[in-house]
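The values are calculated or read from the model by the stated rules, or taken from the named source; none is laboratory data. Since this is a predicted model, take the numbers as computed values, not measurements. When we count neighbours, we look across all protein chains shown, and the Cβ atoms used for this are built from the backbone with ideal geometry, even at glycine. Surface areas here come from the heavy atoms of the whole protein model, side chains and all, with no ligands, DNA or RNA. Shrake-Rupley method; radii C 1.70, N 1.55, O 1.52, S 1.80 Å.
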Amino acid sequence: MIIEKAEITEQKRLADNVFSTVLRTGIAKHSKPGQFVMVGSGSEAHLLRRPISICGADGDKGTLRLVYRTVGYGTVELSERKSGERVDLMGPLGNGFPAERAVEMATGQTSEKITDQTSDNTAEKSRILLIAGGIGAPPLLFLSGYLRKAGVKKEDITAALGYGSALPGLFLREEFEENAKTIIATDDGSAGFKGRVVDAAAGNNLTPDIIFACGPYPMLKAVKEFALRTGAEAYISLEERMACGVGACLGCVTKTLKPDSHSLVNNARVCKEGPVFNACEVEL
Amino acid sequence: MEKGKETKISVNIAGIRFKNPVMNASGTFGSGMEYAEAVDLNKLGAVVTKGVSPEPWQGNPVPRVAETPSGMLNAIGLQNPGVEKFIERDLSFLSGYDTNVIVNVCGHTEDEYLKVVSRLKGIDRVDMLELNFSCPNVKEGGIAFGLDPVKLEKVTEKIKREADKPVIVKLSPNVTDISEMARAAEAGGADAISLINTITGMKIDINRRCFALANITGGLSGPAIRPIAVRMVYQAAGAVKIPVIGMGGITNGEDAIEFLMAGATAVAVGMYNFRDPFSMLKIIDEIKEFLEENGIGDIGEITGCLSKS
């Protein structure tokens with residue numbers, strides 16, 4: 001865990017209320033997809049750091065990218081900072097996605113799915129499915145880039161991206177297209193499939209081995225059902241109000257089916273044991 | 001002050017020496033484990049653990065925390081693994097550090113406090129006990145003792161008989177007369193008192209028409225409550241002879257010295273650890289700098305310099 005003032009090197013608006021901030025920080029070298037940073041405000045009236053998931057990290061350049069929606073004081077303040085200004089960062093935090101597991105499944109020994117595909121031609125080849133709902137997309141973009149660098153073929157990754165509407169802009173879509181086949185869903189039908197992103201993925205007859213998802217709770221519930229139906233492993237990234245971000249305050253917990261390792265009471269810390277959980281191990 | 005002589009910032013509470021007067025407030029630092037990677041625990045006056053009950057406690061539903069102006073509300077509900085796991089994991093971890101360990105004890109009933117205290121008997125790594133009679137987020141027990149001076153005195157007395165370590169009684173600010181509560185703790189045999197715990201508060205999300213916390217109410221902490229805390233430390237310190245550990249919204253050395261001058265022998269940093277995990281270390285340095293700049297050789301010279309007694 002590193003705590004430091006990081007310099008902003010790039011500040012961009014991607015869509016209505018969605019911003020991309022790149023910072024120079026030692027945190028980049030240690031960051032994995034699915035992890036997050038706690039961003040401090042400059043205001044003495046707003047003392048809690050805000051958890052923001054990492055959208056990309058370049059260890060060699062030492063740059064970390066955050067993509068976030070402005071929802072309150074902390075994120076608005078971050079979006080208004082200029083290049084060259086410094087921001088108080090703490091991270092990387094949380095467990096991250098089990099990316100190695102996906103790499104192993106997609107590049108390793110012949111799996112049962114491959115023989116399935118020869119017998120069932122209608123099932124589209126897709127081994128890794130990323131499902132993003134709105135501002136849940138950034139950590140999955142980081143993951144898609146990581147998977148590609150680890151040798152996973154683009155055709156083995158599908159990214160299903162859900163947005164409210166295409167009008168404010170389908171942020172990060174083009175970047176996903178570099179790493180994965182993409183499926184777009186919008187609530188209002190202004191682009192791609194009209195309706196829920198999980199239904200869009202299901203409608204494409206995908207039979208993934210492993211699913212990674214981040215988005216609002218109703219979407220994560222649908223992901224869990226989809227995973228149970230298709231027999232895929234599913235890992236979901238949860239969001240919760242946090243105070244410390246490191247596991248000390250027990251402010252952010254989620255109900256687990258088994259006793260959690262910290263308190264033995266089926267209440268795992270989202271910031272420490274998570275934010276990524278096996279969908280079958282949490283109550284949604 | 002003699003030239004070349006080291007400024008003395010160590011303090012003594014109930015016969016226990018603290019290398020400096022700065023510790024964390026219970027519940028804001030775990031048992032130090034989560035911060036140890038970044039913060040050198042050996043430099044702290046003490047680590048005060050999160051509340052420990054006899055059995056694991058579930059805590060409250062989420063959301064458990066909400067930011068408020070210069071502060072925050074919390075209603076964690078004392079989620080903890082219970083005393084057995086605490087001894088096995090947390091105290092073993094703390095054995096690797098040269099700092100005092102104060103175990104915060106919580107329970108629903110008198111019997112539950114006694115169970116924890118008796119289980120901790122004979123364990124050398126525990127230097128002191130802090131009795132949590134002031135958490136506003138647990139429905140039964142706890143706070144019930146903290147709001148009634150007669151009950152507070154009785155339960156303190158019983159626990160004192162069972163304890164083999166000095167006992168600190170942590171007081172709730174949610175009372176009309178803090179002096180009365182301080183005197184009750186002293187009468188029950190407490191070796192020290194600590195205050196203030198959080199102040200009961202509420203926040204409403206007007207857009208969603210709901211409470212910000214699932215528990216509806218929560219405990220307010222942070223700089224927003226500091227003037228109330230300083231006032232209560234001043235009143236409590238003036239009412240008793242036992243040492244006082246002061247806390248409530250401390251963010252820097254200046255804040256800490258306010259508490260010392262109001263009558264606290266030591267101070268605790270709570271919410272500000274979330275903002276700046278290094279804040280306790282900075283506060284230790286800032287206290288020292290203040291003493292040196294003002295030619296004060298011993299921190300004891302400012303403790304209670306404005307207190308009533």
task: Output the relative contact order of chain B, whole-number percent, from Cα pairs under 8 angstrom with separation of 6+ residues.
output: 20
query: Got a sec? What order do A:Tyr235, B:Tyr113 fall in by accessible area at 1.4 Å, biggest, i.e. largest, first?
result: A:Tyr235, B:Tyr113
query: Given H placed on each backbone N at 1.01 Å, which residues far from A:Gly56 in sequence or on other chains put an amide H within less than 5 Å of it?
result: A:Arg65
statement: Shape call for chain B, from the Cα gyration tensor axes a ≥ b ≥ c (a/c under 1.5 means rounded, otherwise prolate when a/b beats b/c, else oblate), comes out rounded
message: Using the Cα centre of chain B as origin and beta-carbon charges of +1 (Lys, Arg) and -1 (Asp, Glu), tell me which of B:Asn12, B:Asn252, B:Ala25 is placed farthest towards the positive end of the dipole.
response: B:Ala25
field: Derived scalar couplings ³J(HN,Hα) [segment A:209-222; Karplus, 6.51 cos²θ - 1.76 cosθ + 1.60; whole Hz; x for Gly, Pro]
entry: 7, 8, 10, 10, 9, 8, x, x, 4, x, 5, 5, 4, 5
- prompt: According to a simple spin-label model (label point 7 Å from Cα along Cα-to-Cβ), what is the distance in nm between B:Asn12 and A:Val76?
  reply: 5.5
Whole-angstrom gap from segment A:1-74 to segment B:240-309, using each part's C-alpha centre: 34
field: ³J(HN,Hα), Karplus 6.51/-1.76/1.60, whole Hz, each residue of segment A:54-70, x for Gly, Pro
entry: 7, 9, x, 8, 10, x, 5, 7, x, 10, 10, 10, 10, 10, 8, 9, 7
- line: Sorted by chain and then number, the residues having a modelled amide H within less than 5 Å of the amide H of A:Thr256, at least 5 places away or on another chain, are A:Asn267, A:Ala268, A:Glu283
message: For A:Glu240, what residues show an amide H to amide H distance below 5 Å, using hydrogens built from the backbone and excluding near sequence neighbours?
response: none
- line: Rounded to 0.05, the calculated FRET efficiency for the beta carbons of A:Lys154 and B:Ile296 at R₀ = 56 Å is 0.25
task: May I ask you to list the lysines whose Cα is less than 21 Å away from that of B:Lys203, ignoring any residue fewer than eight positions away on the same chain?
output: B:Lys139
- prompt: Could you give the dipole magnitude of the protein assembly as shown about its Cα centre, charging the beta-carbon of Lys and Arg +1 and that of Asp and Glu -1, in debye to the nearest 20?
  reply: 400
message: Using helices alone, I'd like the mean residue ellipticity at 222 nm for chain A: each DSSP H run of four-plus residues gives -39500 (n - 2.57), total over residue count, nearest 500.
response: -6500 deg cm²/dmol
field: Nitroxide proxy distance, nm - points 7 Å out along Cα→Cβ at B:Ile204 and A:Asp188
entry: 3.2
statement: Applied in sequence order to segment A:20-27, the curve 6.51 cos²θ - 1.76 cosθ + 1.60 (Karplus, θ = phi - 60°) yields integer Hz couplings, x standing for Gly and Pro, of 10, 10, 10, 10, 8, 7, x, 4
message: Using a 1.4 Å probe on the protein heavy atoms only, what accessible surface does B:Val83 show? Give it in Å² to the nearest 10.
response: 10
Which of B:Ile284, B:Val240, A:Val282, positive extreme of dipole for the protein assembly as shown (C-beta unit charges): A:Val282
message: Not counting ligands, DNA or RNA, and with a 1.4 Å probe, what is B:Val150's accessible surface area in Å² rounded to the nearest 10?
response: 90
- request: Express the carbon and sulfur contribution to the solvent-accessible surface of the protein assembly as shown as a percent, rounded to the nearest whole number, probe 1.4 angstrom.
  value: 49
- request: Taking all protein chains together and a probe of 1.4 Å, list A:Val76, A:Val22, B:Val116 from the most accessible to the least accessible.
  value: A:Val76, A:Val22, B:Val116
Radius 12 Å from Cβ of B:Val167, net charge of other residues (Lys, Arg +1; Asp, Glu -1): -2
query: Once Lys and Arg get +1 and Asp and Glu get -1 on their Cβ, which of B:Ala229, B:Ser307, B:Ile76 lies farthest toward the positive end of the dipole of the protein assembly as shown?
result: B:Ile76
task: Kindly flag which residue pairs out of B:Lys8/B:Lys121; B:Lys115/B:Lys151; A:Lys272/B:Lys121; A:Lys194/A:Lys221; A:Lys61/A:Lys149; B:Lys121/B:Lys170 have an alpha-carbon separation exceeding 24 Å in this structure.
output: B:Lys8/B:Lys121; A:Lys272/B:Lys121
- prompt: Solvent-accessible area per residue for the protein assembly as shown at a 1.4 Å probe radius, Å²?
  reply: 40
- line: Interface B-A: total buried accessible area (1.4 Å probe, Å², nearest 100) of 2900
task: Sort segment B:41-89 into rounded, prolate or oblate with this rule: let a ≥ b ≥ c be the square roots of the eigenvalues of the Cα gyration tensor; rounded if a/c is under 1.5, and if a/c is not under 1.5, prolate when a/b is larger than b/c, oblate otherwise.
output: oblate
query: Under the classification rounded if a/c is under 1.5, otherwise prolate if a/b is larger than b/c and oblate if not, where does segment B:63-154 fall, given a ≥ b ≥ c as square roots of the Cα gyration tensor eigenvalues?
result: oblate
message: Keeping all protein chains in place and using 1.4 angstrom, which order do A:Met105, B:Met128 fall into by accessible surface area, from largest down?
response: A:Met105, B:Met128
- prompt: In whole Å, what is the distance between the alpha-carbon centres of segment B:63-106 and segment A:189-208?
  reply: 45
field: segment A:157-284 - Debye-derived log10 I(q)/I(0), Cα point model, q = 0.14 Å⁻¹
entry: -0.68
field: Nearest-10 value in Å² for the accessible area of B:Met33, using the 1.4 Å probe
entry: 60
